[in-house]
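A.B. asks: Before anything else, here's the structure in question.
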Amino acid sequence: MTQQTTGARRAELGARWLWPLLLGSLVGAAAASLLVGASDLSDPELRTTLLRLRSARLAAACLAGAALAAGGVVVQGLFRNPLASPSILGTTAGASLGGQLALVAAPTLGLTVLSPELLVPMGCLLGGGASLAVLLGLLRLTDDLLVLVLTGFILSSLFLSISGLLTSLAQDDWSLGRAVVAFSLGGVSGVGWRTVRLAAPLVGVGAVACWGWGRSLDLLLSGEEEARSLGLEVEPVRRWAATWVSVLVAGAVAVGGNVSFVGLVVPHALRPFAGVTHRRLLPAAAVGGAAFVALCDVLTRLLPARGEVPLGVVTGLIGAPVFLGLLLRARRAEVDGG
Amino acid sequence: MVDLRASGVTLRRRGRVVLRAVDLHARAGRLTAILGPNGAGKSSLLRCLGALLPFEGQVRAGDAEVRRMDARRRARTLAFVPQRSELRAALGVREVVAQGRFAHGGGGHEAIERALEEAGATALAGRRFTALSVGEQQRVLLARALATEAPVLLLDEPTAALDVHHALKTFALLQRLAAAGRTLVTVVHDLAFARRFADDALLLAEGEVVCAGAVEEVVAPGPVGEVYGVAMQEAAEVRFEELTP
C-alpha cells in the first residue's frame, strides 16, 4: 500500500511539475548561455556579434543534447536496458571518425570549396551513415539482438582505433592536431549557424520519427515474443529505430563532437517522473537533454582552466557521478522492494 | 466463432525435432488442453499455433492460414498469454492492458475496462505491473489478451504460479470465456485440473501426439499410464471448490 501510495504520489508530482521544471531549466540555461562568457555584453558594439555567436552556440548545445537524450530513450527501449546508450550502435564513433577524417583530409586534399564549418558535419553524417549501413547489412542476415550489440561494439572499437591513428598523424601540424583533439573531446564553442542549420533538420526529423515509433517501442519492452503476439512486426521496428537513432547521433556529433553521458543519464533521470512510455519520455528527455548540455556548456566557460574546458569533459564529470547516484538509488529501491 | 486447426506441424530447433507432424482441432466454444510431461513440446506447439515460431505444416484460424495473416490481423485473431511476462519496465497495469489494443490502432477504452473486469484485474488497474505478485501479473496478462478481442486465446500454463484458490478462479474464467464462444487452447500441467475444466485434450510425448479427443478419453488410465508411467486412480480424487462469501 505504501509502495503504491509513493508511486502514485511520485507520478502525480511528476505529471504536475516535470514540464514546468524542464522548460524552466531550459529557459534558465539559455539565458545563462547568452549572458555568461569571457567578453562583456555591456559594450554596445560587441553585443550584437557576441549574442549572435552565443545564440548559435546555444542552439548547437540544445540540438546535441536533445538528439543524444532522445537517442538514449530509443536505444534503451530497443535493448530493454536502461544502461544502454546511443553509442552502443557504433554510429557515435562512426560519425566522430567521419568528422575527424573531414578535418584531416580537407587540407591534405586541398578541399577549399567547402568551409570546415560544413565539411566536418558532412563528414559526421557520412561516417554515421557508413556505420549504419554496415549495421543494417548485418541485421539483414540475422535478427539477433546480441549480434547487433556486438557489431556496434566492434564498429566502435574499430572507429576509435582509426580515430586514434588519425589523431597521432595530425600532430605533425600543431593547429590541425589541436582541432582534431578538441573535436574528439566534444564542444560547441566554434559552431556557427551554418552548421546548426545543417544539423537541425536531422535532429528534428530524427526526433519526430522516433516519437512516431513510440507505441511500437513500448511493445518491445515486453520482449520480442510478446510484442509479436500483440501484432508488432519486430524487424522493421528494430531497423528503423536503429536508423533514426543514427541520424540523431550524426546530427549531435556534427554540432557537438563527442559529448559523453547525455544519452545515458538524461533518460535515466527522467524516467521515474515522465514514465516509461516512449511518447511521454522522449519529448521530456529531448528538452531535458537540451537544458543539460546548454548548462554544461555554460560551465565550460566558468570552470578555471586555460581557455575553455571541453564540453565532453564537463558532461562526463557531471554525468558519471549522477549516473552512479541514480544506479545506487535504483538498486536501493529494488532491495527495499520498491 | 473461429475454429483452430493444425495439421502436420513439425518444428525443428538446432537440428532436433521438437514436434513431429502434430494435428490438432480446437473448436470454438470449447476449452482444449495441451498435456504432456516436461519437454514434450507443449509450449512449442502453442507458439507454433500463434505463428510465434517458424514451423512446417499448416495452422488455420477459420479459413485463414495464420502465417499468411499480417501481424496485426493475426493479433486480432489469436491472443497469446505467456506463462511469465518479460516486461521489467515500470508500466502501469492499464498501460499493459492497453497494449492489447495495438493491433486495433490503439484506443478502445471500453474494451480495456471490460477486459480488466473479465480478468478480475480492475482493482489492480492503478498499480505498477512490476510491483504485482506473479498471480496478479497473470491476471493482467490475461486482461491484455482479452483486450485484443481475439476469438482464439492461447495460454501457456496460466495457473503455473497460482495457488489453488486463484487457479480455480482462473479455470472458471476460462470456462466462461469458452462458453461465450471463444476458442481456448491452454497448456496444462495438472491433469486433475485438465480433466475437470477442459472439454478436449491433446496428449504429447516427445513431440508426437499420443492421444487426442474428449478430455475423458485422453486423461484416462491408459494414455496417462503410457506417457507418464503412473497409475491413475479416478476414485481417489480430492476436489476443491471455491467458497462463496
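The values are calculated or read from the model by the stated rules, or taken from the named source; none is laboratory data. Treat the numbers as computed from the prediction; the structure is a model and nothing was measured. Every residue, glycine as well, gets a Cβ built from its backbone with ideal geometry; the counts of neighbours run over all protein chains shown.
A.B. asks: Do the conditions hold for residue A:169, that is, is it surrounded by fewer than 22 Cβ atoms within 10 Å (Cβ to Cβ) and touching a residue at least 40 places away in the same chain (Cβ under 8 Å)?
C.D. replies: Yes; evaluated as a whole, the condition is true for this residue.
A.B. asks: I would also like to ask the following. Which numbered condition in (1) away from every other protein chain (no Cβ under 14 Å); (2) free of Cβ contacts under 8 Å to residues at least 40 places away in the same chain; (3) buried (at least 19 other Cβ atoms within 10 Å of the Cβ) is the only one that residue A:229 fails?
C.D. replies: (1)
A.B. asks: Tell me, which residue of the stretch A:12-34 that is in contact with a helix residue (DSSP H, G or I) (Cβ under 6 Å, 6 or more places away or on another chain) and farther than 15 Å from residue A:288 by Cβ is surrounded by the most Cβ atoms within 10 Å (Cβ to Cβ)?
C.D. replies: If we take residues in the stretch A:12-34 being in contact with a helix residue (DSSP H, G or I) (Cβ under 6 Å, 6 or more places away or on another chain) and farther than 15 Å from residue A:288 by Cβ, then A:33 is surrounded by the most Cβ atoms within 10 Å (Cβ to Cβ).
A.B. asks: Condition check: more than 27 Å from residue B:159 (Cα to Cα) and part of a strand (DSSP E or B). Does residue B:9 satisfy that?
C.D. replies: no
A.B. asks: Let me ask another. Could you go through the stretch A:162-176 and let me know if any residue there is among the polar types (S, T, N, Q) and under 26 Å from residue A:292 (Cα atoms).
C.D. replies: Within the stretch A:162-176, not a single residue is among the polar types (S, T, N, Q) and under 26 Å from residue A:292 (Cα atoms).
A.B. asks: Looking at A:301, A:215 in this structure, which one is surrounded by fewer than 23 Cβ atoms within 10 Å (Cβ to Cβ), of a type in the set (Lys, Arg), within 14 Å of chain B (Cβ to nearest Cβ) and over 15 Å from the mean Cα position of the chain (by Cα)?
C.D. replies: Within the list A:301, A:215, the selection yields A:215.
A.B. asks: Would the stretch A:147-169 turn up any residue that is more than 30 Å from residue B:98 (Cβ to Cβ) and modelled with pLDDT under 80?
C.D. replies: Yes, the stretch A:147-169 contains a residue that is more than 30 Å from residue B:98 (Cβ to Cβ) and modelled with pLDDT under 80.
A.B. asks: Which of the residues spanning the stretch B:215-243 are modelled with pLDDT of 85 or more, among the acidic types (Asp, Glu) and more than 25 Å from residue B:27 (Cα to Cα)?
C.D. replies: The answer is B:226, and nothing else.
A.B. asks: Listed residues B:96, B:81, B:164, B:140; which is in contact (Cβ under 8 Å) with a residue 24 or more places away in the chain, touching a Lys or Arg at 6+ places or on another chain (Cβ under 7 Å) and of a type outside the set (S, T, N, Q)?
C.D. replies: B:96
A.B. asks: State whether one or more residues within the stretch B:154-169 are facing chain A (nearest Cβ under 10 Å), surrounded by 24 or more Cβ atoms within 10 Å (Cβ to Cβ) and either within 26 Å of residue B:27 (Cβ to Cβ) or among the polar types (S, T, N, Q) (or both).
C.D. replies: Yes: one or more hits.
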